[in-house]
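First comes the structure, then the notes that go with it.
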């Protein structure tokens, strides 16, 4: 949870995912760390819970230095010009983790919307086909489901995905193959 200046890419930054009946707290550097709490009737959670979650995280994962690790530098160009919202930045960080540590697969411990977004950005259609009830999701179904759950979905899905790909790329790293659908298929029908 940051206020003021934007955290350095790769830094220990907590994020909040607000659902319809609960809130989840997670960490960009520690995707295995997530805690959730249901809302009361006024859509609130106790402040003591938020503080205890952050304190617990800091005990388990002491904050690293403010610079990205040398072996996984952030893309300074993408970070300097990023127009992504906090969810897009979180998706980019999780894409970097998935590429570096999990063969491009999202972690099954992440919230569903984050799994959908990472799989879409990385073009991981096999992962999407194994998600959800029944036969899984096509990229179009996943995109529709993801955007329907966003309070302010991007107006241009293709541009949003490309921006996250740019943000998750490392200097000197190879290009991501990503979503192979033509732009015409990345439109939401309202």
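Things worth noting here:
- Any hit, the range 56-67, residues being in contact with a strand residue (DSSP E or B) (Cβ under 8 Å, 6 or more places away or on another chain), outside any loop (DSSP other than H, G, I, E, B) and modelled with pLDDT of 75 or more: yes
- Residue match in the range 16-31 (condition: at pLDDT 85 or above and loosely packed, with under 12 Cβ neighbours inside 10 Å): yes
- Counting only helices (runs of 4 or more DSSP H) that sit wholly inside the range 98-148, those with at least 3 residues that are surrounded by fewer than 17 Cβ atoms within 10 Å (Cβ to Cβ) are 139-148.
- Residue 91 surrounded by 14 or more Cβ atoms within 10 Å (Cβ to Cβ), at pLDDT 75 or above, part of a helix (DSSP H, G or I) and within 19 Å of the chain's Cα centre (by Cα): yes
Here is a yes/no grid of residues against (1) modelled with pLDDT under 90; (2) more than 16 Å from residue 87 (Cα to Cα):
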site	(1), (2)
116	no, no
119	no, no
125	no, yes
138	no, yes
147	no, no
150	yes, no
173	yes, yes
176	yes, yes
188	yes, yes
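The values are calculated or read from the model by the stated rules, or taken from the named source; none is laboratory data. Being a predicted model, the structure only gives us computed values, none of them experimental. Here Cβ is always computed from backbone atoms with ideal geometry, including for glycine, and neighbour counts include all displayed protein chains.
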